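*Asks:* This structure is in structure tokens; I'll ask about it shortly.
The values are calculated or read from the model by the stated rules, or taken from the named source; none is laboratory data. What you are looking at is a predicted structure, and each value in this text was computed from that prediction instead of being measured. Virtual Cβ from ideal backbone geometry, glycine too; neighbours counted across all protein chains shown. These area figures cover heavy atoms from the full protein model, side chains too; ligands, DNA and RNA do not enter into them. Shrake-Rupley method; radii C 1.70, N 1.55, O 1.52, S 1.80 Å.
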Amino acid sequence: MQNGIFDMASPPATLVPTMARAIAHARSIGIPIIHVGVSFAPGYPELPKDWSFNPQHTFRQAQQNNMFISGSKATEFLEELCQEGDTKIYKYRVSAFSGSSLETVLRSMGVRHLVLCGVATGGIVLSTVREAYDKDFGMTILSDVCMDRDEEVHRVLMEKILKKQAKVTTVDEFIKANQ
């Protein structure tokens, strides 16, 4: 999770420690850790100049508020979650795949199954799951380390929609199943 996302999302106090526990366990069993974040060049050449087609677009706010400029504190990953040796990938769109090298990196590592967590459930998590499914990746979603500002959106996505493309579980269940 990036500093800027953490600051905007105001997650519950349990989110980062639980996410850190999941990541530590994944590291201990040899799962490569890949952090995907958003980052734009100064002037936002990756984004449209005219937002009239979609005035509510997530990245319009970033552009208007000069957020997520490459190299800024907002684009750095939380120290509690990211260690030296972890792979860091930056993107320009909502899905972790769109505008990034994620698929190339995963394929070069031989990864066929993803374990996902993130903020927001209705944004990056949903978009990434849909695209990963279309790219034939298997997935596990750690529901208690995903969040959305709208708790009902999070609940419906986890309980009704995302489970059609991925195994939805908790960090405790993931750790127990992968000792």
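*Asks:* Which Cα, out of His25, Tyr44, Pro12, lies furthest along the positive dipole direction of region 1-100 (beta carbon charges, K/R +1, D/E -1)?
*Replies:* Tyr44
*Asks:* If packing is taken as the average number of other Cβ atoms within 10 Å across a peptide's residues, how do 40-48, 85-93, 53-61 rank, most packed first?
*Replies:* 85-93, 40-48, 53-61
*Asks:* Specify the residue with the greatest mean-square fluctuation among Ser143, Ser98, Ser52, computed from a Gaussian network of the chain linking alpha-carbon atoms under 10 Å apart.
*Replies:* The residue with the greatest mean-square fluctuation here is Ser52.
*Asks:* About its Cα centre, what dipole magnitude does region 50-102 give when the only charges are +1 on Lys and Arg Cβ and -1 on Asp and Glu Cβ, stated in debye to the nearest 20?
*Replies:* Dipole of region 50-102, to the nearest 20 debye: 300 debye.
*Asks:* Please report, in whole Å, how far the alpha carbons of the chain spread along each principal axis, starting with the longest.
*Replies:* So the extents along the principal axes, rounded to whole Å, are 49, 36, 34.
*Asks:* Another question, then. Taking amide H positions as placed in the peptide plane 1.01 Å from N, state which residues far from Ser101 in sequence (5 or more) or on other chains have amide H under 5 Å from it.
*Replies:* Amide H neighbours of Ser101: Tyr90.
*Asks:* Then there is this: Taking the chain as a Gaussian network, where each spring joins two C-alpha atoms under 10 Å apart, which residue of Ile124, Ile69, Ile29 fluctuates the most?
*Replies:* Among Ile124, Ile69, Ile29, the largest GNM mean-square fluctuation belongs to Ile29.
*Asks:* Something else about it: Per-residue counts of other Cβ atoms within 10 Å, averaged by peptide: what ranking do you get for 13-20, 128-135, highest first?
*Replies:* 128-135, 13-20
*Asks:* Then there is this: May I ask which residue of Tyr90, Val111, Val156 lies farthest towards the positive end of the charge dipole of the chain, with charges of +1 (Lys, Arg) and -1 (Asp, Glu) on Cβ and the Cα centre as origin?
*Replies:* My answer, from the dipole projection, is Val111.
*Asks:* Between Ala24 and Asn66, what is the label-point separation in nm under the 7 Å Cα-to-beta-carbon projection?
*Replies:* Modelled inter-label distance: 3.9 nm.
*Asks:* In addition: Taking the Cα centre of region 131-179 as origin, work out the dipole magnitude from +1 charges on Lys and Arg Cβ and -1 charges on Asp and Glu Cβ, in debye rounded to 20.
*Replies:* The dipole of region 131-179 has a size of about 200 debye.
*Asks:* Take the alpha-carbon centre of region 107-169, take the same for region 8-67, and report the distance between them in whole Å.
*Replies:* Centre-to-centre distance over Cα atoms comes out at 15 Å.
*Asks:* Additional query: Quote the charge dipole size of region 1-138 about the Cα centre in Debye, to the nearest 20; the model charges only the Cβ of Lys and Arg (+1) and of Asp and Glu (-1).
*Replies:* The dipole magnitude comes to about 180 debye.
*Asks:* A follow-up question, please. Considering amide H positions built from the backbone, and no H for Pro or chain starts, which residues 5 or more places from Ile141, or on another chain, come under 5 Å of its amide H?
*Replies:* Correct list: Leu116, Lys167, Val168, Thr169.
*Asks:* Considering only protein heavy atoms and a probe of 1.4 Å, how much of the accessible area of the chain is carbon and sulfur, as a whole percent?
*Replies:* 50
*Asks:* Per-residue HN-Hα couplings for region 163-179, Karplus 6.51 cos²θ - 1.76 cosθ + 1.60 at θ = phi - 60°, whole Hz, x for Gly and Pro?
*Replies:* With coefficients 6.51, -1.76 and 1.60, one gets 5, 7, 10, 8, 7, 9, 8, 9, 4, 4, 5, 4, 5, 4, 6, 10, 6 Hz.
*Asks:* Additional query: So what is the accessible area of region 41-179 per residue, in Å², with the probe set to 1.4 Å?
*Replies:* On a per-residue basis, region 41-179 sits at 57 Å².
*Asks:* Given only helices, namely DSSP H runs of n ≥ 4 each adding -39500 (n - 2.57), what is the per-residue ellipticity at 222 nm of the chain, to the nearest 500 deg cm²/dmol?
*Replies:* -9000 deg cm²/dmol
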